[in-house]
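Beneath this line is the structure, given in structure tokens, with notes to follow.
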Amino acid sequence: MNIGVLLPVRKKWWKPVTLKTYPIEIDDSLNLVVCLLTVNENEVLRLPGINKRFKAKLDRILEDQKIWPILGHPFFNGLYQADTSVYGKAVKALALQLFHEILNAIKGLGTLINKEILVTGSSEYLEHAIEILITKVKTINILIPKGVNEPVEAERAFLETGIPVHITTDCDVVNRTGIWIKFPGDNFCFDALSRNIKGIILDLDSMKIIDTKTRKIFNICVEFSDKVKRMLGQQLLNTWEKNVLEGFILTVCAKTWNMSESEVFKRLGMRFSLFLDIAKTVNYNVS
């Protein structure tokens, strides 16, 4: 399988449209083909309304070389990919599925088996969290609003493992918890509780890690293996915002290989990483 990334090579003088390519072997059955398209300064002005003939010629070149789909450089103004947010959403979906691996990526957190963890969010995520965490942590506390049904998985987990899951509507549980996992669908009335926790908040809705002790916020991202990163090079890796190129490859491979994103994630040796969010850290206030 050949999937591509389209990058501009700018020229000062007019030249015919040419496309140079070189493949990078990501996997035995996957090549990421870097497509270098020559453009001149005058074309920069007309890219937002690029004509059909230009794109048709490029389409034929890509078809001949069996390169598809393709992720275009932001310079091309959505020539092949108008909305890259879909790839960030794919990474978020993966993070929700493999949230326990994000916990393992947090430096200084220690062994989870000795930790008491608080979990909030909509019911389907609570069920998933209990299933994953029940044998990995010391205690699971599930905080739900009054009037909300308790997750069924809590009783089933206790019967199978003998490990209790504490279901509560008492917000004071935050005061004695060092790790809080917030899934999407978290009740808005819990938002103010973040000022009471002294530890780590894994906010999977915003894809952030909040360390209330150091007053730092980290973005949750997916990274390629070191081997793949060396092949791609920093210039290519930094062309798009984090999670765009990674999400593109995850999404395409999952569809082509008929796998889940989590299976692709493991097959390609990818991992979760945390990057300091400087802008939000400066303004962060827990009080």
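The values are calculated or read from the model by the stated rules, or taken from the named source; none is laboratory data. Treat the numbers as computed from the prediction; the structure is a model and nothing was measured. When we count neighbours, we look across all protein chains shown, and the Cβ atoms used for this are built from the backbone with ideal geometry, even at glycine. Just the protein is used for accessible areas: all its heavy atoms, side chains included, with ligands, DNA and RNA removed. Shrake-Rupley method; radii C 1.70, N 1.55, O 1.52, S 1.80 Å.
Of note:
- Within segment 108-123, considering residues that are free of Cβ contacts under 8 Å to residues at least 40 places away in the same chain and of a type outside the set (Gly, Ala, Ser), the one surrounded by the most Cβ atoms within 10 Å (Cβ to Cβ): Leu112
- Taken over segment 105-114, residues that are more than 16 Å from Glu131 (Cα to Cα), in contact with a Leu (Cβ under 8 Å, 6 or more places away or on another chain) and assigned to a helix (DSSP H, G or I) amount to 1.
- Positions within segment 250-273 being open to solvent by 70 Å² or more (accessible area, probe 1.4 Å), without any contact (Cβ under 8 Å) to a residue 60 or more places away in the chain and not in a loop (DSSP other than H, G, I, E, B), in sequence order: Lys255, Glu263, Lys266
- Segment 8-24: number of residues that are at pLDDT 80 or above, more than 15 Å from Trp68 (Cα to Cα) and surrounded by fewer than 17 Cβ atoms within 10 Å (Cβ to Cβ): 2
- The strands (runs of 3 or more DSSP E) located wholly in segment 115-175 that include 2 or more residues which are polar (S, T, N, Q) occupy 139-143.
For (1) surrounded by fewer than 13 Cβ atoms within 10 Å (Cβ to Cβ); (2) of a type in the set (S, T, N, Q); (3) at negative phi, each residue gets a yes or a no:
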position: Glu153; (1), (2), (3): no, no, yes
position: Ala157; (1), (2), (3): no, no, yes
position: Thr161; (1), (2), (3): yes, yes, yes
position: Ile179; (1), (2), (3): no, no, yes
position: Lys182; (1), (2), (3): no, no, yes
position: Asp186; (1), (2), (3): no, no, yes
position: Cys189; (1), (2), (3): yes, no, yes
position: Arg195; (1), (2), (3): yes, no, yes
